[in-house]
């Protein structure tokens, strides 16, 4: 199993390190890593990891800032990541942590690590045990903060 | 007839279960199911169901949250689902239930089930009896809440 | 001349009926009709009318609701319709009537009929007499409500 | 040199006429003209001018209205024009004059003519003397209203 | 190594000049330059630099204005630049300086030069020493204004 990890120098937490660590815990996996300046550089970086470096799935890690301009950047990056998936028929698991989701730098670091690790588990399931995800369908899973849980009639 | 059902672990209701149940009531249908973490993972999941697992139509089921960021996610997912359809010339019936459409968890569960079931009927019509949809053209059909009905001069 | 007419069951006026009626007044035309649940299903329906049913041009008819979510749906549908045109090199004449353009159901029905009929005339001109459109270039034409007319220095 | 001119019947000024007039002043050019109802019809019209009528460059002329819905239309049209360029590797010079840029109809007509003529000059430079544009790089050029000029440290 | 530099006549600072100067300091590089009127002309200009003039990477330099319309233009340009990358599997390093990021023309000129130079260094790293970027992963790098630095638990 070969998984790509794409991350940025803009992020204030080394999310790539946590992704690699967690992926290796859950699967015998070969990692290809690419670091780019910012989140808008991620879509093509992910596509190159798939098409030029043979990855079956890629994790795209980024930390958008809190300003309005940053939100627009994140939107553009997300659209590009979706398009890269449609062009390659491969999953790219987007892990974005918005700076304004956390109340301070400490919580930001905690959240970035936890969300990255939980999505690394999702990435392995997507490739190796998709039926495990179907067992969790509609159960209100969240990555980082606590799960919302199921809603019942 | 082979129909795909793509849903998420993020949703708080197992919409996929209702889709499968309703589809089977209305047609002799083979189901392919794929569950992904969130709605932004749906576009490529639907495209893979069509191109790699032979589905003639896919239902894309999701439950976006109520925050501004969630609305942007839903927008990105919808754009990707439209693009996946254009790339494959297949219908993907999007069934999104926004958390803020319902006043509480109970209504949310009710709405998710009802909208999913009504769209499952639409999915079967799209494949098996498109003329049935033309008979309903311009009649103000809604899925979940009551129909708006026709406007008359 | 083969023209497609794509419309929805969501609309509260049978715009497809008016389109077919008006097209037949102005040209010897063969009509292919497809009805889908909502406006987000229109892009692929139009593309299929072009690529699978041989239409040279398609009219895409829809009636977005008045809520913010409906405006986003209309935006997504419009983007998809533009993309479908670029993928096929065929015109798709979008006729959207927003529910909040009219003050009541009666005006809505009037507006939907009138805009559809005027755009049906445009559709025939695009295919059969493009020079007629060039004679109207820059004259402030509107479909439905009165023309704005030319601005003069 | 073959240049396409695409314009609309929606615009309140015959921008196409000014474009053709100005282009002919600056180059020995063959013009292909296509007029469509509105700005959302421009992307495919431009692509057809390039691919079906042999244009090396197209000018896309439009006049979006002042309402919020019109701004969304302009955004969709612009995205489509960018995509048409990427699909053809040809420049499409977009000349949009927003109705609310001018204080009255008279200024609107003046602005539409002036911006169209200045962009026609740009179009010729893009095809025939790209180095002329590089000499103007970073000098704060504007089309229509006065230039902003360079910013200096 | 062949790098493209695409810039605009709209910008109020000759960012292209700084890009070329900085690139030459860090690598033995052949430069291809293309100047276009505005930022919405950049996506196809970059794609042509890659596909018709053999560039392995392009820097896309622009200076969006401060009005709402300008922000929309920048968004459209960025989407196009991301798409151009996905269509070519090449990095395009976007360097946009928004006029309202600086308090006056002097700071604007300073910021444009500094951000362009820092991103030129990134461009060389992307091509020649990607592992240098991975060493900076998650360290809160910024281009122009001071770095944000890492967040720690």
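Rule-based calculations on the coordinates, nothing more; no lab input. Predicted, not measured: the structure shown is a model, and the values here were computed from it. Cβ: placed from backbone, ideal geometry, glycine included. Neighbour counts: every protein chain shown.
Taking the Cβ-Cβ separation of residue C:114 and residue C:67 as r and a Förster radius of 22 Å, what is the calculated FRET efficiency to the nearest 0.05? My answer for the efficiency is 0.35.
Contact order for chain B, expressed relative to its length and based on alpha carbon pairs under 8 Å spaced 6+ residues apart, stands at 24 percent. Counting Cβ atoms of other protein chains within 10 Å of each Cβ in B:19-32 and taking the mean gives 0. As a proxy for reagent exposure, A:61, E:23 were ordered by neighbouring Cβ count within 10 angstrom, fewest first; the result is E:23, A:61. Across peptide D:95-107, the mean count of Cβ atoms from other chains lying within 10 Å of each residue's own Cβ comes to 2. Position residue C:24: other-copy label points at 4.5, 4.5, 7.2, 7.2 nm, ordered by increasing distance, label point 7 Å along Cα→C-beta.
Is the shape of region A:10-153 best called rounded, prolate or oblate, per the rule: a/c under 1.5 gives rounded, else a/b larger than b/c gives prolate, else oblate, with a ≥ b ≥ c the square roots of the Cα gyration tensor eigenvalues?
Note, shape of region A:10-153 comes out rounded.
If you take the Cα centroid of region C:1-48 and the Cα centroid of region E:73-137, the two points sit 45 Å apart. Result for chain B in a Gaussian network model with C-alpha springs under 10 Å: among B:29, B:124, B:93, the largest mean-square fluctuation is at B:29. Between residue D:53 and residue B:129, the C-beta separation translates, for a Förster distance of 56 Å, into a calculated FRET efficiency of about 0.85. Taking a ≥ b ≥ c as the square roots of the eigenvalues of the alpha carbon gyration tensor, region B:82-153 is oblate, as a/c is not under 1.5 and a/b does not beat b/c.
If you take the square roots of the eigenvalues of the alpha-carbon gyration tensor of region D:1-60 and sort them as a ≥ b ≥ c, do you get rounded (a/c under 1.5), prolate (a/b over b/c) or oblate? Oblate, because a/c is 1.5 or more while a/b does not exceed b/c.
Quick one: D:147, B:41, fewest Cβ neighbours within 10 Å first, how do they rank?
Taking fewest neighbouring Cβ atoms as first place, the list is D:147, B:41.
Note on the protein assembly as shown: the C-alpha convex hull projects to 30.8 nm² when averaged across all orientations. Between identical copies, the spacing of residue B:107 label points, each set 7 Å from Cα toward the C-beta atom, reads 2.9, 2.9, 4.8, 4.8 nm from nearest to farthest.
Remark: mean inter-chain Cβ contacts per residue of C:65-78 equal 4, using a 10 Å Cβ-Cβ cutoff to other protein chain atoms.
Across the identical copies, the label point of residue B:68 (7 Å from Cα in the Cβ direction) is separated from its matches by 0.9, 0.9, 1.5, 1.5 nm, in order from shortest.
Here D:21, D:104 are placed in order of increasing Cβ neighbour count within 10 Å, fewest first, which gives D:104, D:21. The simple Förster model, with R0 at 51 Å and r as the Cβ-Cβ distance, assigns residue B:30 and residue E:1 a FRET efficiency of 0.45.
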